[in-house]
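One structure is given below, encoded as C-alpha cells.
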Amino acid sequence: MDDFPWLTVIGAVPLAGAALVALLRDGARAKLLALAVSLVTLALTLAAALTFDVDRAGEYQFAETYRWIPQLGVSYAVGADGIAILMVALAAVLVPVVVLAAWNEVDDERARTFYGLVLVLETMMVGVFAARDVFLFYVFFEAMLIPVYFLIGVFGGAQRRYAAVKFLIYSLAGGLVMLVAVIGLYVAGPGGADGFLTENLTGLEFSGVGLERWLFLGFFFAFAVKAPMWPVHTWLPDAAAESPPGVAVLLVGVLDKVGTFGMLTLCLPLFPEASRWATPAIVVLAVVSILYGALLAIGQSDLKRLIAYTSISHFGFIVLGIFAMTSTGQSGSTLYMVNHGFSTAALFLIGGMVIARRGSAQIADYGGLQRVTPLLAGTFLVAGLSSLSLPGLSSFISEFLVLVGTFTRYPAAAVVATLGIILASLYILLTYQRMFTGPVREFADGWKDMDAREAWVVAPLIAVIIALGFYPKPVLDVINPAISRTMEQVGASDPEPTHDVAGNPAEEANQ
C-alpha cells in the first residue's frame, strides 16, 4: 500500500461527490449522498493514518510528484508529514459532522448547492495541507475562498453579503501579497521544471538578507490574515456571526488553521534567518491577539461573535508557540490547532442548536436552559471548559506546552499571555451563567432538548475533547518528529536548562 495515492484519492472523492450531488434533483437524496461521501473520505483518511509510519513522521509520506506546468516550474506534488496528516484528519472528521449538523437547517431546494460547496471545500482543505509545491499550495490557498464566499453569501444571516465580501477582500489582499512573494521565491531559487517544490526551496542562500526578509513578510502577511491575527482579524467576527453554524465550524476550525500551518511549515523552513529576525515583533503581536481577543469576547452580546473573538485569542497562543522557537512550544501549537478545531466546533454547533430553537443569537434572550435542556447545557459547558483549558480536557495540554515552551525563551511574554487564561474563564463562565442558569426565559415555541441527530453531531466532538485531554501521547508522537525537523531547518535549538535537578545553577553543577 506504500504506492497507493492516498492523498490524491482522499482529495478526489469529495470533489467527485460534489459533482454527483449537483446532478441530483432531490434535496433529501443530496443530503444522504453528501453524508455518505464525507464518511467514505473519513474512512480513507483513517486508513491512510493507520498506514502512516509514526517513526518517520518527520518525513513526507504518501508522496506523489507529477510535473504539471514544467515551463513555469509547477508540479502536482503532495505528501504528508506528522503535521499535515493531522490537519487532513481534522478536516475529514469535521466535514461529516457539519453535514449532519446542517441536516434540518438547509431546505431541500438549496441542499444540492450547500452540500456540493461543502464537499468542494473539503477537497481544497486536503489539497492545501498536502501540497509540497509552493505554487500548488497557493492555488489551493486561493481556491478555498470560492466555496466559502458562496456558503456565507448565500446561506448566511441578514448581513451575509457584507460579511462574505469583507472575508473575500481581506483574503484576496493577503493572497495577492503572497503571490508576489511566491514569484520572488521562484526567481531566487534554482528554477527549472521543479522550481516550486518545497524541498528545492528549503535551505536557499538568498542574494541578500533584505530579500529573504521581504519574501518572509509576504508569506507571513497572508498567513496572519488567514490565522487571523490582530490587527488583520476584523473579517472573522463578521464572517463567523453571519455564517451558518456548520460553515463557521469549517471556517474557524479548519480554514483558519491554514494560516498557522503555513507559518510553521513554510515561513520557518523557507526563511529561517528572516523568521528569527521577525520573532520579537511577532511574539508581541501574538500576545496582543491573546489579550485583545479575550477582552472583546467578554464584552460581546452576540454568542457567535463571542466564539469568534475567543478564537482570535486562541490563535494568538498558537502563533506564540510557533515563534517561541522551542520544540515544546511548537509541539504545543500544533496540538493546539487540533484541539481548538474540536472545542470550537462543539461551541459553534451547540450554540447553533440553541439559536435555532429561539431564533436569536443575543445572549440576553436566554436564561435557565440547564433546567429545560440539560444535554445542551452540559455539552456546552464541557466544550466551554475545554476552551478555557481546564485540566483533563484537550486544550489544557496544548496551552500548557505553549506557555512552558515560550517561558524558556521569552518569560515576560509567557507571563503576560497567561492572563489570557484568566480572561477565558471570565468569558466562558459568564456566558454559561447568563444563558444556562437562573430563571428560564420562555418563548412561544417552548424549549426542547437535544434530539438523536444532534447527539450524534456533538458526541464525537466531546469524546475527542475528553480523550485528548487525558491521553494526548499518540498525537504528540506524530507531531514531535516533524517539529524536530522544523527546528533543525530554522537553525533553532531549545535553551539549555539554567538549573540542575537539585536546584543548583547549571554552571556550578558542571564544574
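Need the full-extension length gain, R276 to E64, defined as separation in residues times 0.36 nm minus the C-alpha distance. One decimal, nm.
On the way: separation 212, 0.36 × 212 = 76.32 nm, distance 3.16 nm.
Gain on stretching R276 to E64: 73.2 nm.
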Label point distance in nm, S493-E442, each placed 7 Å from Cα along Cα→Cβ: 7.1
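Can you tell me, using C-alpha contacts under 8 Å and at least 6 residues apart, the relative contact order of the chain as a whole percent?
Details: 893 pairs, mean separation 77.5, N = 511.
Computed over the chain, the figure is 15 percent.
Could you pull out the GluC sites (Glu not before Pro) across segment 109-170 that fall in loop regions by DSSP (anything but H, G, I, E, B) with no more than 12 other Cβ atoms inside 10 Å?
On the way: sites: E109, E122, E142; in loops: none.
Those that pass, being in a loop and sparsely packed, number zero.
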Rounded to whole Hz, the Karplus (6.51, -1.76, 1.60) HN-Hα couplings of segment 167-179, x for glycine and proline: 4, 5, 5, 4, 5, 5, 4, x, x, 5, 4, 5, 4
Residue exposure sequence - F400, F216, F317 - by fewest surrounding Cβ within 10 Å: F400, F216, F317
Vicinal HN-Hα couplings computed from phi for segment 447-462 (Karplus, 6.51 cos²θ - 1.76 cosθ + 1.60; Hz; Gly/Pro x): 8, 9, 7, 4, 8, 5, 4, 5, 5, 5, 5, 7, 4, x, 5, 5
Residue-wise HN-Hα coupling along segment 466-474, computed from phi with Karplus coefficients 6.51, -1.76, 1.60 (Hz; x: Gly, Pro): 6, 4, 6, x, 8, 9, x, 4, x
Proxy reagent accessibility, fewest Cβ within 10 Å first, across S289, S207: S207, S289
Separation of alpha-carbon centers, segment 112-162 and segment 172-232, rounded to whole Å: 22
Distant-in-sequence amide H partners of Q61 (H built 1.01 Å from N, under 5 Å): A80, D81
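Would you please classify the overall shape of segment 61-121 from the alpha carbon gyration tensor, given that a ≥ b ≥ c denote the square roots of the eigenvalues, rounded means a/c under 1.5, and beyond that prolate means a/b larger than b/c while oblate covers the rest?
Working: a/c = 5.55, a/b = 1.86, b/c = 2.99.
Oblate.
How high is the relative contact order of segment 316-421? Use alpha-carbon pairs under 8 Å, at least six apart in sequence, and give a whole percent. Show your work: numbers first, answer last.
Details: 119 pairs, mean separation 42.1, N = 106.
Once normalised by length, the contact order is 40 percent.
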In nm, spacing of pseudo-spin labels at D108 and A463 (7 Å Cα→C-beta vector): 3.1
Most positive-pole-ward Cα, A18, F317, A181, against dipole of the chain from beta carbon charges: A18
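Looking at the square roots a ≥ b ≥ c of the eigenvalues of the Cα gyration tensor of segment 1-57, which shape do they give, rounded for a/c under 1.5, prolate if a/b is larger than b/c, or oblate? Intermediate results must be reported in sequence, preceding the final value.
Numbers: a/c = 4.83, a/b = 2.71, b/c = 1.78.
It is prolate, given that a/c is not under 1.5 and a/b is the larger ratio.
Could you tell me the calculated FRET efficiency between T234 and E205, based on Cβ-Cβ distance and R0 = 41 angstrom, to the nearest 0.05?
Working: r = 38 Å, r/R0 = 0.94.
Once the sixth-power term is evaluated, E becomes 0.60.
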Loop-resident sites, segment 393-480, for trypsin sites (Lys or Arg not before Pro), counting at most 12 other Cβ within 10 Å (DSSP): K448
Amide H partners (placed H, <5 Å) of A77, local residues excluded: Y66, R132, D133
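In percent, what relative contact order does segment 271-493 have, based on Cα pairs under 8 Å that are 6 or more apart in sequence?
Details: 341 pairs, mean separation 65.6, N = 223.
Once divided by the residue count of segment 271-493, the mean separation gives 29 percent.
For the chain, what is the mean residue ellipticity at 222 nm derived from helices alone (per DSSP H run of n ≥ 4: -39500 (n - 2.57); sum divided by total residues; nearest 500 deg cm²/dmol)? Before the final figure, lay out the partial values.
Details: 23 runs with 357 residues, N = 511.
So the helix-based figure for the chain works out to -23000 deg cm²/dmol.
Starting from the Cα gyration tensor of segment 271-493, take the square roots of the eigenvalues, sort them a ≥ b ≥ c, and report rounded, prolate or oblate (rounded when a/c is under 1.5, otherwise prolate if a/b is larger than b/c, else oblate). Before the final figure, lay out the partial values.
On the way: a/c = 2.89, a/b = 1.91, b/c = 1.51.
Verdict is prolate for segment 271-493.
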Amide hydrogen neighbours beyond the local backbone of W230, cut-off 5 Å, H modeled: S289
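The numbers here are math on the coordinates, done by the rules we state, and not lab data. Since we're looking at a predicted model, the values are computed, not measured. Neighbour counts run over all protein chains shown; Cβ positions are idealised from the backbone, glycine included.
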